[in-house]
Each structure stands twice: as C-alpha cells, then as structure tokens.
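Student: Take this structure first; my questions come after.
Readers should treat all values here as calculations from the given coordinates under stated rules, not as data from a laboratory. Predicted, not measured: the structure shown is a model, and the values here were computed from it. In this analysis, Cβ positions are derived from the backbone assuming ideal geometry, glycine residues included, and neighbour counts consider all displayed protein chains.
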Amino acid sequence: MEIEYKVPGPENLSAVMSLMPALYSEIGPGLEKVLAEFIEDKYYFKLLAVEKGSGAAAGFLVGCCRLEVDFECRAGVLEEVVVRPDCRGLGIGKALLAEFEKWSLARGAQALVVPCGREGFYEKMGFNKGSILRYWKDLPAKN
Ligand SMILES: CC(C)(COP(=O)(O)OP(=O)(O)OC[C@H]1O[C@@H](n2cnc3c(N)ncnc32)[C@H](O)[C@@H]1OP(=O)(O)O)[C@@H](O)C(=O)NCCC(=O)NCCS
C-alpha cells in the first residue's frame, strides 16, 4: 500500500471523519464541527495520510505548539492521532508523529506532550508515561 501525506483542507473533512470510528466507540454531534475548526485554524498542525490512487484516508494527526506550565517549556501538544485499523503496523503513525515533531521543533518546542494515550505506541516512540487527570466545567452557551 502506497501512502502519501498532505495537509487536509475543508474538502477532506469527510475523509478525516471516516477515521473517527477507529478512535471513538461513540461519536457525538460536536466532533465534526471540532474537526472542521481544526482544519481551518492555522494554529494547529494537521496531517492526513491517504492511499495513493484511491485517496482513501489511512491516518490523521492533529496537534499544536504552545507553552506548557506543567512541563515548564514550549511543547508540541498532540491532540489526536489515528490510523485506520487495516493500515496499522505500516509505519504511518510513526511518520505522522515524525512530521509533527519536526514542525514543533521549528516552532521552538523542547518536548512533545500527549494528553491522551490508550496504547503502548507512545512508550515505543520514546515517551514517558505521566498521570492523567483533567477537570471539566461546562460554560454557558453564547447566543
Ligand atoms: C496508535 C496508532 C496511531 C499507531 O499507528 P501505526 O501506524 O499502527 O503505528 P506504526 O506502524 O507507525 O508503529 C510505530 C511503532 O510503534 C509500535 N506500535 C504501534 N502500535 C503499538 C501499540 N498499540 N503498542 C505497542 N507498540 C505499538 C510498532 O510496532 C512500531 O514499532 P517499530 O518502530 O519498532 O517497528 C494506531 O494503532 C491507532 O490509530 N490506534 C487507535 C487510536 C489511538 O489509540 N491513538 C492514540 C491515542 S491519541
């Protein structure tokens, strides 16, 4: 399988969405809007892996680069990475992460942070595991 990598535009939103069932067992109504905003917003790094020829989505990564108080540095913060189940083990996740690392380094990052992480992939990629605790508060909706 030949894979190519591209920065997704709004026309690739459905391709990115097609990968989400591989990440979430339940998909709420807000996810598509969030992904559309990620794609439009230049603050975020986005990379889509597609099969050459068919153009079918094979993997996707989104992240940003910002100051991190906990880690006392500027860091590349990985929001999400997903590879289609039948495309796993081909090096796509590693390639997406390598591009994100380069992008983060170019923006002055001293580390990479992954707030989520359900698998052994990150340990394999050289990450240390930290404890994950997040508080959540709904804010009033704007009219
Ligand atoms: C995690 C994920 C992105 C890895 O993508 P992938 O394309 O299969 O990974 P790669 O083929 O690039 O693998 C890179 C290395 O990590 C290892 N690896 C991949 N998944 C692994 C896992 N679950 N546990 C341990 N090692 C793993 C591979 O063996 C490979 O090792 P190598 O470099 O020594 O050969 C993919 O399995 C996935 O989409 N999982 C579901 C979504 C998810 O959990 N994302 C992370 C949370 S945000």
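Student: Residue farthest toward the positive end of the dipole of the chain, with Cβ of Lys/Arg at +1 and Asp/Glu at -1: which of G63, F127, G28?
Tutor: Selected residue: F127.
Student: Only Cα pairs within less than 10 Å get springs; with that Gaussian network setup on the chain, which residue of I27, I92, I39 has the largest fluctuation?
Tutor: I27
Student: Which ³J(HN,Hα) values in Hz, rounded to whole numbers, follow from the phi angles of region 106-113 under the Karplus curve 6.51 cos²θ - 1.76 cosθ + 1.60, where θ = phi - 60° and Gly and Pro get x?
Tutor: The phi angles translate into 5, 9, x, 5, 10, 7, 10, 10 Hz.
Student: Tell me, what is a quarter of the convex hull surface for the C-alpha atoms of the chain, in nm² with one decimal? Intermediate values should be presented prior to the final figure.
Tutor: Numbers: hull surface 40.0 nm².
If you wrap the Cα atoms of the chain in a convex hull and average its projections, you get 10.0 nm².
Student: Going toward the positive end of the dipole of region 5-85, with +1 on Lys and Arg Cβ and -1 on Asp and Glu Cβ, which of S14, F38, A49 do you reach last?
Tutor: Value: A49.
Student: What order do you get for 1-14, 98-111 when each peptide is scored by the mean count of other beta carbon atoms within 10 Å, highest first?
Tutor: Details: 1-14: 12.8, 98-111: 15.5.
Per-residue mean Cβ counts within 10 Å order the peptides as 98-111, 1-14.
Student: What net charge do the residues around G30 carry, taking every other residue with its C-beta under 15 Å from that of G30, with Lys and Arg at +1 and Asp and Glu at -1? Before the final figure, lay out the partial values.
Tutor: Details: positive: K33, K142; negative: E26, E32, E37, E79, E80, D138.
Around G30, the surrounding residues sum to -4.
Student: Nearest 500 deg cm²/dmol is fine: what mean residue ellipticity at 222 nm does the chain get from its DSSP H runs of n ≥ 4 alone, each adding -39,500 (n - 2.57), divided by its residue count? Working shown, then result.
Tutor: Details: 4 runs with 34 residues, N = 143.
The helix-only estimate for the chain comes to -6500 deg cm²/dmol at 222 nm.
Student: Return the subset of K42/K129; K6/K33; K102/K142; K6/K142; K52/K137; K52/K129 for which the Cα-Cα distance in this structure is over 32 Å, preserving the input order. All intermediate terms of the calculation are to be shown ahead of the outcome.
Tutor: Numbers: K42/K129 29 Å; K6/K33 20 Å; K102/K142 37 Å; K6/K142 34 Å; K52/K137 43 Å; K52/K129 35 Å.
Distance filter (> 32 Å) returns K102/K142; K6/K142; K52/K137; K52/K129.
Student: Report the antiparallel proportion of the DSSP beta bridges in region 3-124 as a percent, rounded to a multiple of 5. Can you show the working numbers first?
Tutor: Working: 20 of 23 bridges.
Counting DSSP beta bridges with both partners in region 3-124, the antiparallel share is about 85 percent.
Student: Counting Lys and Arg as +1 and Asp and Glu as -1, each charge on the Cβ, what is the dipole of region 3-124 about the Cα centre in debye, to the nearest 20?
Tutor: Numbers: 14 positive and 18 negative charges, 67 e Å.
Using only the charged Cβ atoms, the result is roughly 320 debye.
Student: Two-decimal Rg/Rh of region 8-65 from alpha-carbon positions, Kirkwood Rh?
Tutor: Values: Rg = 11.3 Å, Rh = 11.8 Å.
With Rh from the inverse mean 1/r over Cα pairs, Rg/Rh is 0.95.
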